Amino acid sequence: MTAAKAGKIVGMRLGRLSIPLKKTFKTALRSTASVLTNILEIQTDCGAVGYGEAPPTAAITGDTDGSIWDAITSRVWPAIAGMDISELNDAISAAEASCVGNAPAKAAVDIALHDLWGKLNGLPLYKLLGGTAREISTDFTISLNQPEEMANDALEALRNGYMALKIKVGGDARLDIERLKAVREAVGPKTPLRVDANQGWQPKEAIRSIELMENLGLDIELVEQPVPYYDIEGLKRVTDSVGTVILADESVYSARDALKLISLRAADMINIKLMKSGGIAGALKICAIAEAAGMECMIGAMMESKLSVTAAAHVAQARRVITKYDLDPPILCAEDPVEGGALYAGSSITLPDAPGLGIDGIAGVEWM
Ligand code: MG
């Protein structure tokens, strides 16, 4: 392999991107009709550009467009400007140390740096991370609605070639059971059903609901984030009380959170998202901790464009401890403004052989 080209970080620009969804996305926490996100471009002195992304998901991460833009322009960008892409780890440490929190802002920078690192080394990112191309298959999210509408949406998803479904619940616990019964009845016994309560239940309510799912034979593959994110003791109580696999999402952002959750065995699996971990480097740390503990991970995303979802797909290809994939935002969108990047065919996701993320450009960005 030839040595990586030098690439001094010399410039950046930020822009806004809005992509309409095919159908309003509804969870226990929020409802949205479009993906509204921020796109970052980092430029080097050799003319290469790297792309990153940071959607504001205030209801989950607390980040807004304003906080993301300010964190990038006043803290994270000044910390890395002038460094060389070949000093990737130092640049990521500098970005991490530039401010507390602000995971999406850091993720945008981290993703753009990894994109450039791949480009300057001439390899797709997952290969540079030691990964091998393999079949990955995303689930498809069914929004929180009335049982009949959710059953119809589930049937339509199967007709469109999606194999596993993620069912959003977390409203009224009794109605949630009706939702799951309606979906299971509609799709038959073979479709894997993942349930995401998005913090919508209290521990006892969660235990009662999950036991009921078990007793009704609904065959639920896993239940994600049954209780509020801060209630780690409650999450552990649920995990210890039921036979169903419990997946932590909003309770785990960073590697430090993962270490604590695993040491308490408060959940059976962790859902990794780049917007929680502050990007790829943080996600890889969680993978290492989970692997050491013998715990499998899911990789997911916020409502993001295909840009940062492609970055997540590279992480998925690079680490075998990730065994479940929840990377459906691009298929929930009515348009795809991202040129290149992950290729979707039904549930299946493949990555292009191009260097870095394999993204050629993004249409419709309002650059500032
Ligand atoms: Mg979730």
request  = Relative to the compact-globule scaling 2.2 N^0.38 Å, provide the ratio for the alpha-carbon radius of gyration of segment 186-276.
outcome  = 1.06
request  = Pop a pseudo-label 7 angstrom from the Cα along the beta-carbon direction at both residue 89 and residue 265 and give the gap in nm to one decimal.
outcome  = 3.3 nm
key: Å² per residue, accessible surface of segment 128-366 at 1.4 Å   = 38 Å²
request  = Scan the chain and report its longest stretch carrying no trypsin sites (Lys or Arg not before Pro) that are both in a DSSP loop and have at most 12 other Cβ atoms within 10 Å.
outcome  = 1-133
note = In whole Å, largest first, the alpha carbons of segment 89-194 cover along the principal axes 52, 34, 16
note = In Å, the C-alpha Rg and Dmax of segment 66-108 are 9.7, 31
request  = Starting from the Kirkwood radius over alpha-carbon pairs of segment 202-332, derive D by Stokes-Einstein at 10 °C in a medium of 1.306 mPa s and give it in µm² s⁻¹.
outcome  = 106 µm²/s
ask   = Antiparallel as a % of all DSSP beta bridges within the chain, to the nearest 5?
value = 55 percent
request  = Write out the GluC sites (Glu not before Pro) in segment 133-198 meeting two conditions: DSSP loop, and at most 14 other Cβ atoms within 10 Å of their Cβ.
outcome  = 135
task = Roll a 1.4 angstrom probe over the protein heavy atoms and tell me the percent of accessible area of the chain that is carbon or sulfur.
result = 51 percent
key: 23 Å Cα-Cα threshold exceeded, pairs from 119/166; 166/190; 190/236   = 119/166; 190/236
ask   = Any idea what Rg and Dmax come out to for segment 16-62 if you just take the C-alpha atoms, in Å?
value = 14.5, 46
query = In whole Å and largest first, what semi-axes does the C-alpha gyration tensor of segment 263-368 yield when each eigenvalue is scaled by 5 and square-rooted?
reply = 26, 14, 13
message = Quick check: the distance between the Cα centres of segment 190-219 and segment 74-131, to the nearest angstrom?
response = 39 Å
Dipole of segment 263-368, positive direction: furthest Cα of 345, 317, 269, with charges on the beta-carbon = 269
task = Find, to one decimal place in angstroms, the Kirkwood hydrodynamic radius of segment 9-122, where the mean of 1/r is taken over every pair of different Cα atoms and then inverted.
result = 14.7 Å
query = Sequence-distant or interchain residues sharing an amide H contact under 5 Å with residue 34, placed H: which?
reply = 21
Euclidean distance of C-alpha centroids, segment 236-270 and segment 134-165, integer Å = 25 Å
ask   = Can you give the Rg and Dmax of segment 128-366 based on its C-alpha atoms, in angstrom?
value = 17.6, 52
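The values are calculated or read from the model by the stated rules, or taken from the named source; none is laboratory data. Please read these numbers as outputs of a predicted model, since none were measured by experiment. So basically every Cβ, Gly included, is an ideal-geometry build from the backbone, and we count neighbours across all protein chains shown. In case anyone asks, the SASA skips ligands and DNA or RNA and just uses the protein heavy atoms, side chains included. Shrake-Rupley method; radii C 1.70, N 1.55, O 1.52, S 1.80 Å.
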